[in-house]
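Reviewing the structure listed below.
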Amino acid sequence: MAQALKYLPPVEDPNLLVGTNTADDAGVYRLNDDLALVKTIDILTPVVEDAYTFGMIAAANCISDVYAMGGDPKLALNIVGYPGMGDSKILGEMLKGGSDKAKEASVTTIGGHTFASPEVMYGLSVLGYIHPKKIITNAGVKPNDVLILTKPVGVGTVIQAMLMGKDEGIDMKPVIAAMTTLNRDASMAMRKAEAHGATDVTGYGLIGHLVEMCEASNVGIEVSLQKIPTHKGAVGILDKGIFEPGITMNINSFSNRVNKGNSDSNLVNLIFGSETSGGLIVALPEERVEAFKHNYRKDFSIIGRATAENSGRVTLIP
């Protein structure tokens with residue numbers, strides 16, 4: 001995608017506050033001194049069999065991009081790819097799941113677009129509001145900031161095992177609960193803690209989004225492998241030789257900007273894996289962690305720190 005975007009001319013509009021140049025989660029456009037729009041779109045193929053649950057996951061995933069910028073999502077349009085002869089009841093359940101999750105986020109769904117597709121695809125285009133001076137981007141990280149992660153990783157790997165029928169002994173309930181949980185509370189907490197930067201963890205995996213963050217912010221990032229929360233059983237799935245496609249894709253895309261050192265394990269492979277509706281990575285000064293904790297009141301992990309050295313690179317620490 002980065003190569004393809006080079007063919008587009010730069011946007012010359014002083015009101016475009018966040019565009020494509022920093023690979024951020026959403027675009028931001030200023031309307032006046034006190035109000036800007038946050039706009040994003042995403043579309044997914046099913047990650048679970050139940051249509052209603054998939055609808056909730058897809059909506060939570062799409063709305064998360066607005067939360068990651070520190071914005072308040074308000075409106076959504078559905079975008080659906082569906083087989084022409086597909087079951088309308090399944091489509092209805094999927095849309096209901098998305099609608100219910102959007103309603104939970106105080107987002108009004110106002111319509112959408114459907115196209116014929118050989119496979120099911122569903123997502124939302126989401127519009128939100130933000131103050132132009134309160135935008136939180138992946139380009140705001142400063143040296144010595146600590147990095148908070150709000151959800152475990154390993155979703156892609158667990159889902160792959162489930163799709164292959166090899167998830168025996170894996171409890172899917174916490175994985176689905178994580179994917180259907182809005183990042184709203186984490187977003188509110190990072191705003192109150194005056195975070196410097198943030199992004200959410202989705203298709204590029206934990207490592208890919210950390211790489212984008214350190215490149216956009218011109219900092220290095222050190223990550224402690226042992227402090228990364230993972231879904232139970234995810235590493236064990238990799239130990240059995242079950243690898244989801246996102247791992248290879250993200251290794252090919254980002255490994256040249258990762259200092260692995262002596263770190264070579266399936267935990268490393270796991271953090272390259274794709275995530276669906278993952279948590280937020282929040283960068284803030286260490287003295288503001290307590291303020292984040294006070295307002296978040298859920299589990300989170302401090303997984304690393306930003307540095308002035310090794311700009312644009314992620315260093316893994318065993």
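Any idea which residue in the range 266-297 is surrounded by the most Cβ atoms within 10 Å (Cβ to Cβ), counting only those that are of a type in the set (D, E, K, R) and more than 18 Å from the chain's Cα centre (by Cα)? Explain how you work it out, then say what you get.
Kept after step one, since they are of a type in the set (D, E, K, R), are these residues of the range 266-297: 275, 286-288, 290, 293, 297.
Still in the list and also more than 18 Å from the chain's Cα centre (by Cα): 286-288, 290, 293, 297.
Details: Glu286: 11, Glu287: 9, Arg288: 18, Glu290: 10, Lys293: 14, Arg297: 9.
Result: Arg288.
Take the residues in the range 133-153 that are over 14 Å from the mean Cα position of the chain (by Cα) and farther than 12 Å from Leu284 by Cα; name whichever of them is surrounded by the fewest Cβ atoms within 10 Å (Cβ to Cβ). Reasoning before the result, please.
Here is the first cut: in the range 133-153, the residues over 14 Å from the mean Cα position of the chain (by Cα) are 133-136, 139-147.
Next, only the ones that are farther than 12 Å from Leu284 by Cα stay: 133-135, 139.
Numbers: Lys133: 10, Lys134: 12, Ile135: 20, Ala139: 21.
Per the criteria, the residue is Lys133.
Between residues in the range 184-206 that are touching a residue at least 40 places away in the same chain (Cβ under 8 Å) and residues that are of a type in the set (Asp, Glu) and in a helix (DSSP H, G or I), which pairs lie under 6 Å by C-beta distance while being six or more apart or on different chains?
Pairs found: none.
Name the residues in the range 194-217 that are surrounded by fewer than 22 Cβ atoms within 10 Å (Cβ to Cβ) and over 16 Å from Phe254 (Cα atoms), would you?
Glu194, His196
Would you check which residues across the range 14-36 are modelled with pLDDT under 95 and in contact with a Pro (Cβ under 9 Å, 6 or more places away or on another chain) and list them?
Gly19, Asn21
Could you tell me whether Gly156 is more than 18 Å from Arg297 (Cα to Cα), surrounded by fewer than 24 Cβ atoms within 10 Å (Cβ to Cβ) and not assigned by TED's automatic domain parsing to the domain that holds Ser64? Step through it out loud before you land on a result.
Working: more than 18 Å from Arg297 (Cα to Cα): yes; surrounded by fewer than 24 Cβ atoms within 10 Å (Cβ to Cβ): no; not assigned by TED's automatic domain parsing to the domain that holds Ser64: yes.
Criteria not met by Gly156.
Filter the range 104-135 down to the residues that are among the hydrophobic types (A, V, I, L, M, F, W, C) and within 18 Å of Ile41 (Cβ to Cβ) and list them by number.
Result: Ala105, Val107, Ile110, Phe115, Val120, Met121, Leu124, Val126, Leu127, Ile130.
For the condition surrounded by 20 or more Cβ atoms within 10 Å (Cβ to Cβ), of a type in the set (Gly, Ala, Ser), within 17 Å of the chain's Cα centre (by Cα) and not assigned by TED's automatic domain parsing to the domain that holds Thr199, what is the one hit in Ala36, Ala76, Ala51, Ala60? Show your work before the answer.
Values: Ala36 fails: within 17 Å of the chain's Cα centre (by Cα); Ala76 fails: within 17 Å of the chain's Cα centre (by Cα); Ala51 fails: within 17 Å of the chain's Cα centre (by Cα).
One residue alone meets the criteria, Ala60.
Testing Lys298 on (1) within 14 Å of Thr150 (Cα to Cα); (2) part of a strand (DSSP E or B); (3) among the basic types (Lys, Arg), one condition comes back false. Which one is that?
(2)
Which of the strands (runs of 3 or more DSSP E) contained wholly in the range 1-113 include at least 2 residues that are without any contact (Cβ under 8 Å) to a residue 40 or more places away in the chain and either touching an Asp or Glu at 6+ places or on another chain (Cβ under 6 Å) or more than 30 Å from Asn252 (Cα to Cα) (or both)? Step through it out loud before you land on a result.
Numbers: elements: 16-18, 27-32, 35-44, 72-82.
Once the strands (runs of 3 or more DSSP E) in the range 1-113 are filtered for at least 2 residues that are without any contact (Cβ under 8 Å) to a residue 40 or more places away in the chain and either touching an Asp or Glu at 6+ places or on another chain (Cβ under 6 Å) or more than 30 Å from Asn252 (Cα to Cα) (or both), what remains is 27-32.
The values are calculated or read from the model by the stated rules, or taken from the named source; none is laboratory data. Computed from a prediction, not measured in an experiment: that's the story for all the values here. Using ideal geometry, Cβ is built from the backbone for each residue, glycine included, and neighbour counts are taken over all protein chains shown.
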